[in-house]
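Okay, so here's the structure we're looking at.
The values are calculated or read from the model by the stated rules, or taken from the named source; none is laboratory data. Computed from a prediction, not measured in an experiment: that's the story for all the values here. Cβ: placed from backbone, ideal geometry, glycine included. Neighbour counts: every protein chain shown.
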Amino acid sequence: MKQLALDIGLASTPTLASFFAGPNEAALDHLRLWTASPQRSPVPTYLWGESGSGKTHLLQAVHHALSEQGAQVGWLDAQMPNPPEFNPDWSAVLMDDVHLYSAVQQQVAFNWFVNALTPRTGSPRWVLAAGAWPPADLKLRDDLRSRLGWGHVLALQVLGESERRAVLRQEADARGLFLGDEVMAYILNRFSRDLGSLMQLLDHLDHYALQTQRALTIPLVRAMLENE
């Protein structure tokens, strides 16, 4: 009989400190400066890059940082079919995976953008958005696409092999998992090297290791896959 795993030590909360920047140091520095500044610039920022480049991690990290400061933040992603209306109490608006937005989500995103930058009350709010392509290549309504490209536009690059290994090691250590070199090589050679997919795999392995009370080994990886 499997033991029930306690809901601890699984996916760690994305933070700016835990983001392995590699070639994306400039984007990380930009977000660090903005979140730390008491007088934040309202100029919007758009991050773009292929899957696994760290866009969602950075948006979630900014959300976490602002929440830790007591700020309210608007969040919109492609998995939200009925997004809320703009809230004037928000200090910032974060929009992820804009390239996947439906017509309804595009309308909401445009409305949030207008209300954030030209509010009826208070100062302009910051807008941080992310998508798979540069603004000019987004298949979105023209008024939204032009606004996404108006401010800072920063391209993110996918990490290389050695950098992905470093991230896996860092995340395993944060969960209290020992990830040996053989297991690392097995994972990287047999599974998607997209960083987001690797983090999901690590979460599943962590959960399975807790359930079975076993160390993280190649046989454990195989056993988990056989039981899925």
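Here residue 60 meets the list (1) assigned to a helix (DSSP H, G or I); (2) over 11 Å from the mean Cα position of the chain (by Cα); (3) not charged (D, E, K, R) almost entirely, failing just condition (2).
The set of residues from region 121-139 being of a type in the set (Val, Ile, Thr) and under 21 Å from the mean Cα position of the chain (by Cα) comprises just one member, 127.
Note on region 139-205: enclosed helices (runs of 4 or more DSSP H) holding 2 or more residues that are surrounded by 14 or more Cβ atoms within 10 Å (Cβ to Cβ), of a type in the set (A, V, I, L, M) and outside the structural domain of residue 217 (by TED's automatic domain parsing) are 142-148. Return the pair list, or none, for Cβ contacts closer than 7 Å from residues in region 199-228 that are among the aromatic types (Phe, Trp, Tyr) to residues that are in a helix (DSSP H, G or I) and modelled with pLDDT under 90, at least 6 apart or on different chains. Cβ pairs passing all conditions: 208/224. Put simply, of 96, 142, 89 the only residue that is within 21 Å of the chain's Cα centre (by Cα) and acidic (Asp, Glu) is 96.
Would you point out the residue of region 19-41, among those that are surrounded by 15 or more Cβ atoms within 10 Å (Cβ to Cβ) and part of a loop (DSSP other than H, G, I, E, B), that is modelled with the lowest pLDDT? Checking each candidate, the answer is 40.
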